[in-house]
Amino acid sequence: SRVVGNNSKVVAGRKYDLCGSMYKRRGGFGRNKENNWVMRSFTLHGQILCYHEEPHPEQITNPSKPRARLNLAKTETIAEMHSKHKQGLPTDHLLTINIYDPVIRNKRKWEMCCISKEEQVMWYNAIRVHDGPVGDAGV
C-alpha cells in the first residue's frame, strides 16, 4: 500500500516513497495574512510525512530537520480532497489532513494545494492509507 516505483526519489541521500512541492497554508499568526500560502517541499517515507522550508525537494539540505513531521501511524488522521475553487487558494487542488493527537488531545489541520489534479490524487492515496484512529490504519 506504499507509493513506490516512479514516484520514489532520492533527496540529499535519502530515499522517499513520495516527495514533491505543494503550497502549504501557514499556521498560527501567519494563517490570516494576505500571502498565507507558501511553497514547501513534502516528503513521505513509510508513515512519516514531513514538510521542509525549501520550496523544492532538490533544495533540501538537511532532510533530518524538517519544519514539521507527522507520524501518520501514531496520530489519528483523516485526509480529504477538495476540487472546488475558493478565493485565496493558489490552485483548485486542495488536500487537507485533519489531525487529532490523543496524547495531548488537540485537533489541528494541515492544508496543502497541489500543482495538478494528478499530484493531488497521488498524495491523497498515499496519505489516506493511514486514515483513522491509531492502530486502525490500513485495516
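The values are calculated or read from the model by the stated rules, or taken from the named source; none is laboratory data. All of these numbers come straight from a predicted model, not from anything done at the bench. Counting neighbours? That spans all protein chains shown, and the Cβs are built from the backbone with ideal geometry, glycine included. Heavy atoms of the whole protein, side chains included, go into the accessibility calculation; ligands, DNA and RNA do not. Shrake-Rupley method; radii C 1.70, N 1.55, O 1.52, S 1.80 Å.
Here is a yes/no grid of residues against (1) assigned to a loop (DSSP other than H, G, I, E, B); (2) at pLDDT 90 or above:
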site: 15; (1), (2): no, no
site: 19; (1), (2): no, yes
site: 24; (1), (2): no, yes
site: 31; (1), (2): no, no
site: 40; (1), (2): no, yes
site: 44; (1), (2): no, yes
site: 51; (1), (2): no, yes
site: 54; (1), (2): yes, yes
site: 73; (1), (2): yes, no
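Just so you know, in region 79-108 the residues that are assigned to a strand (DSSP E or B) and farther than 17 Å from residue 25 by Cβ include one that is modelled with the highest pLDDT, and it is 100. Filtered by the rule that a residue be closer than 17 Å to residue 20 by Cβ, polar (S, T, N, Q) and in contact (Cβ under 8 Å) with a residue 60 or more places away in the chain, region 32-89 gives no residues.
Would you call residue 115 open to solvent by 50 Å² or more (accessible area, probe 1.4 Å), part of a strand (DSSP E or B) and touching a residue at least 12 places away in the same chain (Cβ under 8 Å)? No; evaluated as a whole, the condition is false for this residue.
Could you tell me whether residue 123 is in contact with a Cys (Cβ under 7 Å, 6 or more places away or on another chain) and open to solvent by less than 60 Å² (accessible area, probe 1.4 Å)?
Numbers: in contact with a Cys (Cβ under 7 Å, 6 or more places away or on another chain): yes; open to solvent by less than 60 Å² (accessible area, probe 1.4 Å): yes.
In short, yes.
The selection criterion, being touching a residue at least 24 places away in the same chain (Cβ under 8 Å), farther than 20 Å from residue 11 by Cβ and surrounded by 14 or more Cβ atoms within 10 Å (Cβ to Cβ), does not hold for residue 96. Just so you know, in region 31-82 the residues that are surrounded by 14 or more Cβ atoms within 10 Å (Cβ to Cβ) and basic (Lys, Arg) include one that is nearest to the chain's Cα centre (by Cα), and it is 40.
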